[in-house]
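Single-structure report; data block below.
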Protein chains: 2
Amino acid sequence: MLGEIGVADTPEKCIVVAMKVLDPFDIALLNALQADNRATADALARTVALSPSAITRRIRRLKDSGVIDRDVSVLSPALAGRRLSAIVQIQLHDHAEEAGLAVLRQRLLASNHVQSCLEVSGSFDLFLTVTARDMAEFNAFADTMLAKDAAIRRYETSFVKKALKQTLAIPLDARDAG
Amino acid sequence: MLGEIGVADTPEKCIVVAMKVLDPFDIALLNALQADNRATADALARTVALSPSAITRRIRRLKDSGVIDRDVSVLSPALAGRRLSAIVQIQLHDHAEEAGLAVLRQRLLASNHVQSCLEVSGSFDLFLTVTARDMAEFNAFADTMLAKDAAIRRYETSFVKKALKQTLAIPLDARDAG
DNA sequence: ACTGAAACCGTTAGGGC
DNA sequence: GCCCTAACGGTTTCAGT
């Protein structure tokens, strides 16, 4: 569905395969949808200066071209607050084999306890956000997923006391237009 | 934006009041909607063993009661990959005044460069995920938001080399019912 | 300069809820 | 009533003659 990024056969234009460029209308639309994707075309038409049908056409196009990856519901932070969230910073072995790393990555991505998994620069290599019902479940996760893994040299855990903000929205502006 | 757990100070925040319990149908619905909130009631009815009209009723109720906080579009990771993401770990001054902290928190939450802001245990106090168009914009953010702030003792930045996974989904199961 | 295709837009009418 | 979808007609752009 979505092309791989940045294989720059053409320097500027290949943001997404089927999507030439994003014009200011697309930018406005994407920002609105990142805040509320259940807004009706009529409602969006009041914000974006387009007709409802033009809105729906563009949304359709943005989705088909893969600019919009998915549409999801976000549960209440209050609900999340009843659970346990942890930040896990992982240091890998310097000479870890790629095969072992691939297995680790795959296992982490497959686990629905893992909310985010980022490769980072610095003294640690991987950065996880982990969610669990309680400490027992987190310990089970750590024991089975992290402690035994041969590619992991060490890891450090910080527990989230309070989530003040969490979003995946990317703020776009005119400079993101093609 | 974020509700305190179980504290009903404002109508929108009191989650469990309007929502007595989540039964297994609600759990299944929430898991489905966290993956795809544009799924039609008919499609959901094939997964969840309920009629389409019952589905829409329940979704309506979950939204009104605040269990579902919001519905959003998530942009392509490929688009995000063109930008710069950073993890910023912040250590506050031991004797920082609450007033200064509140100002800092508010400024961080108001910035749309800040994707997540978490209070954590451990040697650092705050945990940020920051998105910026490029290094220049990130530096501008760090200079204006972090470097000058009196409440901040020090901060460490790790740059995201590759985002392998990012979601806000909370995996629910039968034990979350009741 | 002319033309035809393509990509837009906006307005409609029909169907569901 | 509102909402979504599909189809129609008008406008602009641009390549090629």
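The values are calculated or read from the model by the stated rules, or taken from the named source; none is laboratory data. Since this is a predicted model, take the numbers as computed values, not measurements. Don't worry about glycine lacking a Cβ; one is built from the backbone with ideal geometry, like all the others, and counts go over all protein chains shown. Side chains included, ligands, DNA and RNA excluded: accessible areas come from the protein's heavy atoms. Shrake-Rupley method; radii C 1.70, N 1.55, O 1.52, S 1.80 Å.
Residue under question is A:Arg57, and the condition is that it be out of contact with any helix residue (DSSP H, G or I) (no Cβ under 8 Å at 6 or more places or on another chain), at pLDDT 95 or above and either more than 16 Å from DNA strand C (Cβ to nearest atom) or not assigned by TED's automatic domain parsing to the domain that holds A:Met145 (or both); does it hold?
Values: out of contact with any helix residue (DSSP H, G or I) (no Cβ under 8 Å at 6 or more places or on another chain): yes; at pLDDT 95 or above: yes; either more than 16 Å from DNA strand C (Cβ to nearest atom) or not assigned by TED's automatic domain parsing to the domain that holds A:Met145 (or both): yes.
Answer is yes for this residue.
Please find, within segment B:154-178, the residue that is farthest from the other protein chains (Cβ to nearest Cβ) out of those that are in a strand (DSSP E or B) and either loosely packed, with under 14 Cβ neighbours inside 10 Å or free of Cβ contacts under 8 Å to residues at least 40 places away in the same chain (or both).
Restricting attention to segment B:154-178, the residues satisfying the condition of being in a strand (DSSP E or B) are B:154-166.
When the remaining residues are screened for being either loosely packed, with under 14 Cβ neighbours inside 10 Å or free of Cβ contacts under 8 Å to residues at least 40 places away in the same chain (or both), the result is B:154, B:156, B:161-162, B:164-165.
Working: B:Arg154: 15, B:Glu156: 8, B:Lys161: 4, B:Lys162: 4, B:Leu164: 4, B:Lys165: 4 Å.
So the residue we want is B:Arg154.
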Assuming A:Ala102 fulfils every condition listed in (1) open to solvent by 10 Å² or more (accessible area, probe 1.4 Å); (2) facing chain B (nearest Cβ under 7 Å); (3) among the small types (Gly, Ala, Ser) apart from one, which condition is it? (2)
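Restricting to segment A:125-153, count the residues that are outside any strand (DSSP E or B), surrounded by 17 or more Cβ atoms within 10 Å (Cβ to Cβ) and not charged (D, E, K, R). Full working, then the answer.
Within segment A:125-153, the subset outside any strand (DSSP E or B) is A:125, A:133-151.
Going one step further and asking which of them are surrounded by 17 or more Cβ atoms within 10 Å (Cβ to Cβ), we end up with A:125, A:133, A:138, A:141-142, A:145-146, A:149, A:151.
Remaining after also requiring not charged (D, E, K, R): A:138, A:141-142, A:145-146, A:151.
Total satisfying the criteria: 6.
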In segment A:42-94, anything farther than 30 Å from A:Asp143 by Cα, charged (D, E, K, R) and in contact (Cβ under 8 Å) with a residue 24 or more places away in the chain is listed as A:Arg58, A:Arg61, A:Asp64, A:Asp69, A:Asp71
Across segment B:30-47, what is the total count of residues that are crowded, with 17+ Cβ neighbours inside 10 Å, part of a helix (DSSP H, G or I) and at pLDDT 95 or above? 5
Screening A:Leu118, A:Leu108 for residues that are in a helix (DSSP H, G or I), at pLDDT 95 or above and under 17 Å from B:Ala169 (Cα atoms) leaves only A:Leu108
Determine whether segment A:60-83 contains at least one residue that is in contact with a Gly (Cβ under 8 Å, 6 or more places away or on another chain) and within 16 Å of DNA strand C (Cβ to nearest atom). yes
Of the conditions (1) open to solvent by less than 60 Å² (accessible area, probe 1.4 Å); (2) within 12 Å of chain A (Cβ to nearest Cβ), B:Leu50 clears all except one; give me its number. (2)
Report every pair of residues separated by at least 6 positions or lying on different chains whose Cβ atoms are under 6 Å apart, first residue within segment A:121-132 and more than 8 Å from chain B (Cβ to nearest Cβ), second part of a loop (DSSP other than H, G, I, E, B). A:Val130/A:His113; A:Ala132/A:His113
Of the residues in segment A:80-103 that are within 20 Å of the chain's Cα centre (by Cα) and β-branched (Val, Ile, Thr), the one that is nearest to A:Asp125 (Cα to Cα) is A:Ile90
